[in-house]
Amino acid sequence: MAHSESMDISHTAPIQPLNQRARIEPATLEDLPRLVDLTTQLFELEEDFIPDRMKQERGLQSILEQPNRGRIFVVRTDYEIIGMVNVLFTISTAMGGFVIVLEDVIIHPDFRGQGYGTQLVNYVIDFAKRKDFKRITLLTDKISEESQRFFQKLKFQHSHMIPMRLTLAD
């Protein structure tokens, strides 16, 4: 693709079978209650966030209803969603094109350590490469060495940039 300005982000990546009982695919509005459950579990672990089911639902619904803002990919069995990742689209002037902000990577505790998180993040990386995104950025909890090791294993590197926030709501 010659210019990122003409990037087609209207189509998502295909469904990818992981094994006989799980696959990665785009989330739908019908998945919203389970996505709220997973993000609530995640925010209970992170120091910077206070779980609020109504806020999580509003945010997730905004992404699902407006795919030009991003995607939510899930690990789904025939019975339930066992993991998710939130992929937001923005433009980087430094990179000269579209980039991804990766958020809300979570696998249900009963299914951790089975490779689902790695497969989910690799799915996002493949999606980003196919769509000509220039970079993937994520924030991980600085006190969670386990989380940092997970992303480093997938070739994410620490940046010289540090996050700073100005909270404008609540």
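What the table below lists for this structure:
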quantity	calculated
Sole residue being β-branched (Val, Ile, Thr), within 29 Å of residue 96 (Cβ to Cβ) and at pLDDT 95 or above, chosen from 63, 9	63
Qualifying residue in segment 60-71 (condition: out of contact with any Cys (no Cβ under 8 Å at 6 or more places or on another chain), over 19 Å from residue 31 (Cα atoms) and among the hydroxyl-bearing types (Ser, Thr, Tyr))	no
Residue count for segment 72-85, restricted to those that are surrounded by fewer than 21 Cβ atoms within 10 Å (Cβ to Cβ) and farther than 11 Å from residue 38 by Cα	4
Cβ-Cβ under 8 Å pairs, at least 6 apart or on other chains, segment 122-138 side over 17 Å from residue 106 (Cα atoms), far side surrounded by fewer than 18 Cβ atoms within 10 Å (Cβ to Cβ) and polar (S, T, N, Q)	127/12; 132/4; 134/4; 134/92; 135/92
Hey, residue 136 surrounded by 14 or more Cβ atoms within 10 Å (Cβ to Cβ), under 24 Å from residue 21 (Cα atoms), in contact with a strand residue (DSSP E or B) (Cβ under 8 Å, 6 or more places away or on another chain) and among the aliphatic types (A, V, I, L, M) or not	no
Residue within segment 154-166 that is surrounded by 10 or more Cβ atoms within 10 Å (Cβ to Cβ) and under 25 Å from residue 21 (Cα atoms) present	yes
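The values are calculated or read from the model by the stated rules, or taken from the named source; none is laboratory data. Note that this is a predicted model, so its numbers are computed, not measured. Cβ: placed from backbone, ideal geometry, glycine included. Neighbour counts: every protein chain shown.
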